Each structure stands twice: as C-alpha cells, then as structure tokens.
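Below is one structure, written out as structure tokens; comments come after it.
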Amino acid sequence: MRLLLVEDDPKVARLVNQALVESGHATTVAGDGLAALVSAESGDYDLIFLDILLPRLDGLEVCRRLRSQRVRTPILMLTARDRVRGLDAGADDYLVKPFAVEELLARIRALVRRNAEDDEERLVVADLCLDFATHTVERAGRTLELTPREFRLLAYLMRHPGRVLTKDQILEQVWGDDSDASPGVVELYIHYLRQKVDRASAGPLIRTVRGVGYCLKG
C-alpha cells in the first residue's frame, strides 16, 4: 500500500516510516501541513497518517481542506488531544500518543479494509441514494450534507436494508474493533442521521427496534 506519513518530528517520522516500510508499505513523508496538502492532492494514496500539531498548516485544517475537495483517502489522525475535533474535521480514525507500532499497523489494516467495502458505486433504498464515487447522499432529489462518520454509518445501514443491526454490530463495523466508543455514541449518530435523512421527508426510513437496535427500511 502507498501511505502518506505527515509528521514534523524527525525522530517520530523516522521510527514510524521504518515500521511501515518493514511491513511492506511504500511511504511518502511530509514534514508540514502545506507539504501534506500538496502530496495528498496530487498523490494516489491508500491511507494518510496525519499528525495534528504541524507547522504552516495544522492537521485539522489539512483534513478539512481535503474533505472539502472530496479527497476520500482514509485519514488516521495522530493526536494527544482533540480527538473529537479530528473526527469532526473528517478523519476516519485516531491514534493517541504514545502508541505501539502494532496498534498503528492494526488501525491501518482496519481502515483500508473498511474503505475497500466502499468500492460499490451506489446504494439506493426507497428515495434515498448514496453515491460512493462522488461521496454524496440525496433523498428525493435533495442533497444531504453528512460528516464522514455519518456517511459511513448510513452506508452500513443501507447495505442491510430491513435488517435490524445491534449497537455492537454498528460499533464494530463503523467505528472499528479497536475503538473505545460507547453504545451511546451510536444513539447520538443515529439521532444526527434522522435529523438529516428523515427531516422534511415523506416518511421515516431509519427505525428503532427497542431493545435490539436499528434498521433502515423503505
């Protein structure tokens, strides 16, 4: 896999780069936010490993700009704080400093595996359409603005129309095995989706099955 490593600490960059190369990855290293932005926009990477604290342009702003330009490459954010802000900026996952190399490699595998599931072009349920190529969602012709996490959650629900999915299943598939997110986070994001998908529409698509989980049904 081709990875973009964005880290301004030479020692950390050297150690992480060595671990990635030894694991069979081709790695490009960028030492500041602007260099990262140029590399990410022009290169074809399977994953971006992005530190938050960077010179010239911080990692949060790099992430926001890439997502605004519809760069869909998975982003694994390295942070000692600002985990929520990183996810809200468009990161797919985060890794907290200090971290073990084994955890880094596991997170990379999980993100690439999840991204591979998005190779389908479109998902359609009733009047709801999700397009992976353009990373857009429409309901009855109206474009919905979703965060990357909301997009992934909706895609998971749409892949299993009519099937009741438990909170644990959703956490595993949308947040990943290694995430410390709680079932309450699933409830919160289902609420966010309902506000965007079902609000001002002909009828609700996202259903709650009490004591079991959630399903999307046309």
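Here are some notes:
- Breaking point among (1) under 16 Å from Ser39 (Cα atoms); (2) of a type in the set (D, E, K, R); (3) in contact with a Lys or Arg (Cβ under 7 Å, 6 or more places away or on another chain), for Arg65: (3)
- Scanning the stretch 114-127 for residues that are under 25 Å from Pro204 (Cα atoms) and outside any loop (DSSP other than H, G, I, E, B), we see that the one that is modelled with the lowest pLDDT is Asp118.
- Residues satisfying the criterion are absent from the stretch 3-22 (criterion: out of contact with any Cys (no Cβ under 8 Å at 6 or more places or on another chain), small (Gly, Ala, Ser) and open to solvent by 20 Å² or more (accessible area, probe 1.4 Å)).
- Within the stretch 160-185, residues that are at positive phi have Cβ atoms under 6 Å from residues that are open to solvent by 60 Å² or more (accessible area, probe 1.4 Å) and modelled with pLDDT of 85 or more in these pairs: Gly162/Lys217, counting only partners at least 6 apart in sequence or on another chain.
- Counting only strands (runs of 3 or more DSSP E) that fall entirely inside the stretch 128-208 and contain at least 2 residues that are within 29 Å of Ile108 (Cα to Cα), the qualifying elements are 128-131, 136-139.
- Residue match in the stretch 145-154 (condition: surrounded by fewer than 16 Cβ atoms within 10 Å (Cβ to Cβ) and at pLDDT 90 or above): yes
- Residue in the stretch 121-136 that is within 13 Å of the chain's Cα centre (by Cα), more than 22 Å from Ile52 (Cβ to Cβ) and open to solvent by 50 Å² or more (accessible area, probe 1.4 Å) present: yes
- Number of positions in the stretch 196-213 that are in contact (Cβ under 8 Å) with a residue 60 or more places away in the chain, open to solvent by less than 50 Å² (accessible area, probe 1.4 Å) and out of contact with any Gly (no Cβ under 9 Å at 6 or more places or on another chain): 2
- Inter-residue pairs, beta-carbon under 9 Å, first under 16 Å from Glu22 (Cβ atoms) and β-branched (Val, Ile, Thr) and in the stretch 89-110, second in a loop (DSSP other than H, G, I, E, B) and open to solvent by less than 20 Å² (accessible area, probe 1.4 Å), 6+ apart: Ile108/Pro74
- Checked against (1) open to solvent by 50 Å² or more (accessible area, probe 1.4 Å); (2) within 30 Å of Asp131 (Cβ to Cβ); (3) in contact with a helix residue (DSSP H, G or I) (Cβ under 6 Å, 6 or more places away or on another chain), Arg56 meets all criteria but (2).
- Filtered by the rule that a residue be open to solvent by less than 10 Å² (accessible area, probe 1.4 Å) and closer than 15 Å to Arg210 by Cα, the stretch 155-170 gives a lone residue, Leu165.
The values are calculated or read from the model by the stated rules, or taken from the named source; none is laboratory data. Keep in mind the model is a prediction, meaning the values are calculated, not measured. Methodologically, a virtual Cβ is constructed for each residue, glycine included, from the backbone with ideal geometry; neighbour enumeration extends over all protein chains shown. Surface accessibility is based on the protein's heavy atoms, side chains included, excluding ligands, DNA and RNA. Shrake-Rupley method; radii C 1.70, N 1.55, O 1.52, S 1.80 Å.
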